[in-house]
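Below is one structure; the comments refer to it alone.
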Amino acid sequence: MNETGYADTHLYSSPTGEEIGRTLAPLLEHLRSYDAFRLQLEKDGGTVIDIASMTSILNESIDVSTRYQSYIVRLSDQTSLRRFIWSAAYGNVHMQVRQLASGLPAYYLCRVRRDYWCNYGLVVEDLYTSPGYPIHDERFVQLMDLGREVYHLRLSQFRDGVRTMLDNGSAASPEDIDRLLYSVGRNVFDSAWHEDQRPGVLTADNLDLPFFKQAIELLYLLLSSDLCELRRAVTDDILQFLSEVYEQPAIRALMTKLPDLEGDALNDLPRSALSLYVRLSRDFSRFMNTEVAWGRKNRPTPIYKLVFANFSRLGLIATQLARSDAVEEARALLEGRAEAMIDELINNGSA
Amino acid sequence: MRTKPTKKRRGARRRARAELSRAQGTVTSSAYSYRRKSKADWAGVSLGSAFNASCDYYERLPARALFYRFTRESQMAVTEYAGVSVGPGFEPATKPQLSPAYTGYPSALAALAAIGQSAFLEFEARVPERILFTRMDGYLADPTRHDEVDSDPEVYQRLARAVTRSVQSRLLLEDLSRARRLTSIEMYRLFLASQLTMRFRSLPEIVESVVLYSDVLPSWEEFELHRTTRKLLQEVADVSERYLGLLSGTESERLLDLGIGWVRDVCKAIAPYLPGDEEKEDALSRNGSGHQLLFGQDEAALDGEEKIPPLDGLGPPMLFEPESLADQVVEQLGQIAGNPFAAFRESSIGPLLLSDVGDTTTAILRRFASTVCRASGRASEWEDIRSDLVEAILRSSAFSEGPLQGAAASGHEVTVLLGDNEPMSGALFEEVIQPSDDSAEYERLMQEAKPIAEALRRQLYPNVEDTAQVERARTSGTLDAGRLALGDVSDAVFRRYSFEQRASRRGRPVLLLVCDGSGSLRESQMATLKALSAAWLTSTARTRIQVLAGLYHSGVFHGASHPTVEWIYHPRKSLVSRSEAVRSVAALPKRGSGNQADALSVAFMLEEARQLAQDRMVYLILISDTEWIRSFSGNRTAAQEMFDFFQTAYDGSDGKLHTTLVALNVDGKTGLEELLDNVITVPEAELTDYAAVAEKISLYVASMMVERRRTEAKGR
């Protein structure tokens, strides 16, 4: 049986991962050659001949065929690519094109799971990523969906980790990996991750604020999920995932406790989370308003200006910020507050 | 003893219940009982949702209303700060800017940046006397002479303009930073800083980075840069340091004097690096003041080979940002010594590639650029412009209008059946009109619409539903099956059903008001159109009829003109209530604009009405000057397209479409009299004579009443 519930021999069954891989193979092969040539041009330069060759690579016809139809696609014809990819995977595979700083295109092909019960679509497998394709936040990707760019949760980053986790002597099947990713996606990450968290979480990643990041995700999970539903979804696999693949001790601790909670305690959790969310937001604002000496003249500048002005290159300012005593002090304060807040929710609070 | 709660306490209880239910995770809205909880359920609607396609449509709507309100308030604040009095009829000089909200920047911050951009541009438009360009007009006409430098005059003038642009923006930012309630402008500056690639590819980018953002960027001393880039950054920063220090202590009135000195000092600091007058043709290098620096061409590329420097490498900066990728490559290619094509022609693929493009480097590069544009540009016109493309545009046009402004428009691909159900496709954009705050204009419009509204003030539009009638089945012969002596036979054998249309009190019919707003409409025609629209909206305000009203013409989206539908009122898309919809009519321009695509636009609006009607009656009122314009390719004329469209629409409506055409400035026939239910012509002489129009409307009302009585009689 496949995921549609019909037997694989059914005329309208969804193509399996293996079949999708076979269908897309000529296109992926072409993309690899294109990217190799592009990198050469971008890094080493070339000649007029190379420019002409690049033009011909982009215009080259690629013969591909799906279960029922043959197509001729070109990288320079995005409509033909879309039509073919839709037909190859019935909308389960998405191809996103981005223009790089050099002006040349970069490609991202991924397998997407659209779940009616999720706010976000789930990217469960990266089929191809061009070198240099811009992914600023590993947790989210923006994909053009019905004419609009929509955020999707990028769970494909956990695929290898899940494969290792499920490997009990015999290799885990792609279906098993998918099943676990769907489960954590729908029950945990769809609520725990939100695109509004990006400034906070990216700051936490770059300025080493692990407790703050855990606290944000925990609060969102408590506030955006239905806890009754969540406690029914707790499985050993999910708990193992949260300790081995995506280390999130706070959410793991919550999910371990959830099945044993009384109803009133369960009801109290979102209420406490709401007030703690306000408190954490205030603490984070205080952290972001901390002034650090910056620039040629070491003028006092609040951290938020530096973060917002360098959002796509936070790594560059993180090194400079790390040297500041004021940042270190503010960081320690915020981390302490976040840790206490997690503790209050998990151990001392209603839980 | 329990007392009856007061109104205030009841409100508090309701709020508490809602809060509790939110906290408990139950969804309060009955319309979305199956929807997952979202952030809006516990944190409320934020500005960031306004243009975030990941949010629910009905979450975006209130956020959008908030966004436009804040934008307007900030525009009013800067106008006031500029010394212009602001009244209720305030008309912003610039459109609300939306581009930052369509980038990959966090949505809440991006919305603030968009508000800041709108405020900045509004201020710039309001203070022509504070614009550095105006003050430095004489200098900019011939900066080489004023600064006594021997650089190429044309290059130096372009440089001076670029520097003036950056310094002017910096001065305006400084000026605005002193006003209260305008933190969004600083947010816009931070947003622009985040869009920089930090490659410093051109001279203007170097100047901009130092003058506008040097206080928030990481130190470039830690980057790997070409030595020319590093040297130029150092020079510009050294000169600017003094001025940046003086900025905060300078009075607003003296800022321009500071700016003049700043521009000239920066230009003079860069001048030694620019190509001299005699080297104009080369535009390559400069031997002056001991500098051996190059623009746009590395030493390695001058070794006599046709070598193109790395597209993404650490090259020297270009003099100016090229307009396209082809120009960039040409710029980087520079002047190639010897015969550049000798090797190429002799190569195995050379003749093949050159056969259809002509044997010039430029032709190859242009073909390359157009191919790359197709491969990495927008896939189709109706889609939102991709965030990476918006970011690229904003990078090259900081502190000026972005590609997305005004009301948020959505693109649609529409398929219309014409003639023998022949499908024709076209794309159009739709947006919602922002209501006017001009009370005087609103009052005037209401006054003009009054006689027509009074003529219309009867509920003319009953719903029509199909009712199954049971009839006795009779055979055609003399033998009546009903009289046959039969033992036990089901009644169904002798029954048959017929369907009749009857007036129904159940269900809400939809009144679709379609206004042609194209350029062919003169001021008087537009005034009548506005009065009629206002009258129809007013007369149906307290009825059960659902109203949908829109104007169609064309608008410019992504640099090209496209058919556009602007909703005056749409129950699911408008940001105003039904009673305030006339304010959107008041916001319509005084005369028509653009070219319309009649059949395409009317088809799209009718489809929207049908979705709203859900198999109930649709009353379409089309107000037009009947100067139709073709929507589709083919042999049909525009009038034929309209005729065929209406015919197909009637055929597919199952009797649930009633159409009235109000033909403005038409004295004779429109060609649609035979097909449509009603045609009201308003000749030129009666265009602004609203009493005469009201009389015609009265006749229309009378005919509708007769029609209604007939329909209702069937229902009894």
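Quick note: the coordinates plus some simple rules give every number you see, no bench work behind them. Source: prediction; values computed, not measured. FYI the Cβ positions are ideal-geometry reconstructions off the backbone, even for glycines, and counts take in every protein chain you see.
Enumerate by residue number the trypsin sites (Lys or Arg not before Pro) in the range A:261-326 meeting two conditions: DSSP loop (anything except H, G, I, E, B), and at most 12 other Cβ atoms within 10 Å of the site's Cβ. Those satisfying the criteria are A:LYS297, A:ARG323. Of the residues A:ALA88, A:ALA192, A:ALA340, which exhibits the maximal mean-square fluctuation in a Gaussian network model of chain A defined by a 10 Å Cα contact cut-off? The residue that fluctuates most here is A:ALA340.
Taking chain A as a Gaussian network, Cα atoms linked when under 10 Å apart, which of A:PRO210, A:PRO300, A:PRO134 shows the biggest mean-square fluctuation? Among A:PRO210, A:PRO300, A:PRO134, the largest mean-square fluctuation in the Gaussian network model of chain A belongs to A:PRO300. Which GluC sites (Glu not before Pro) from the range B:667-706 combine a DSSP loop assignment with at most 12 other Cβ atoms within 10 Å? Within the range B:667-706, the qualifying GluC sites (Glu not before Pro) (loop, at most 12 other Cβ atoms within 10 Å) are B:GLU673, B:GLU674.
Each label was represented as a point 7 Å from its Cα along the Cα-to-Cβ direction; for A:SER56 and B:ALA65 these points are 6.1 nm apart.
How high is the relative contact order of chain A? Use alpha-carbon pairs under 8 Å, at least six apart in sequence, and give a whole percent. Please report the intermediate quantities before stating the final value.
Values: 434 pairs, mean separation 35.6, N = 351.
Computed over chain A, the figure is 10 percent.
Under a no-solvent Debye model with one identical scatterer per Cα of the range B:158-266, what's log10 I(q)/I(0) at q = 0.09, 0.13, 0.18 Å⁻¹? Log10 of I(q)/I(0), two decimals: -0.23, -0.47, -0.91. Based on the alpha-carbon gyration tensor of the range A:205-335 and its eigenvalue square roots a ≥ b ≥ c, which shape applies: rounded if a/c is under 1.5, prolate if not and a/b is larger than b/c, or oblate? Prolate, because a/c is 1.5 or more and a/b exceeds b/c. Quick one: among A:GLU195, A:GLU19, A:GLU229, which has the greatest mean-square fluctuation in a GNM of chain A with alpha-carbon springs under 10 angstrom? Greatest mean-square fluctuation among the candidates belongs to A:GLU229.
Overall form of the range A:22-153: oblate. Here a/c, set by the Cα gyration tensor axes a ≥ b ≥ c, is 1.5 or more, and a/b is not larger than b/c.
Each Cα pair under 8 Å and six or more residues apart adds its separation to the average, and for the range B:619-666 the resulting relative contact order is 63 percent. Please check chain A for the longest run free of chymotrypsin sites (Phe, Trp or Tyr not before Pro) that are loop-located per DSSP (anything but H, G, I, E, B) and have at most 16 other Cβ atoms within 10 Å. After excluding every exposed loop site, the longest remaining stretch is A:118-351. When the alpha carbon gyration tensor of the range A:214-261 is reduced to an equivalent ellipsoid, the three semi-axes, largest first, read 15, 14, 8 Å.
Using DSSP to call loops (not H, G, I, E or B), can you name the GluC sites (Glu not before Pro) in the range A:123-164 whose Cβ has at most 14 other Cβ atoms within 10 angstrom?
Answer by residue number: A:GLU138.
Residues whose amide H lies under 5 Å from that of B:SER54, counting only those 5 or more places away or on a different chain, are A:TYR151; hydrogens are built 1.01 Å from N in the peptide plane.
Let me know the charge dipole size of the range A:61-211 about its Cα centre in debye, to the nearest 20, where only the beta-carbon of Lys, Arg (+1) and Asp, Glu (-1) is charged. All intermediate terms of the calculation are to be shown ahead of the outcome.
On the way: 16 positive and 19 negative charges, 107 e Å.
Around 520 debye, computed over the range A:61-211.
Checking the a/c ratio against 1.5 first, then a/b against b/c, what shape does the Cα gyration tensor give for the range B:526-681? Intermediate values should be presented prior to the final figure.
Details: a/c = 1.37, a/b = 1.14, b/c = 1.20.
Rounded, because the longest to shortest axis ratio a/c is under 1.5.
The alpha carbons of chain A give a radius of gyration and a Dmax of 23.4, 73 Å, in that order.
Helical content of chain A, expressed as a calculated mean residue ellipticity at 222 nm, amounts to -16000 deg cm²/dmol (DSSP H runs of 4 or more residues, -39,500 (n - 2.57) each, divided by residue number, nearest 500).
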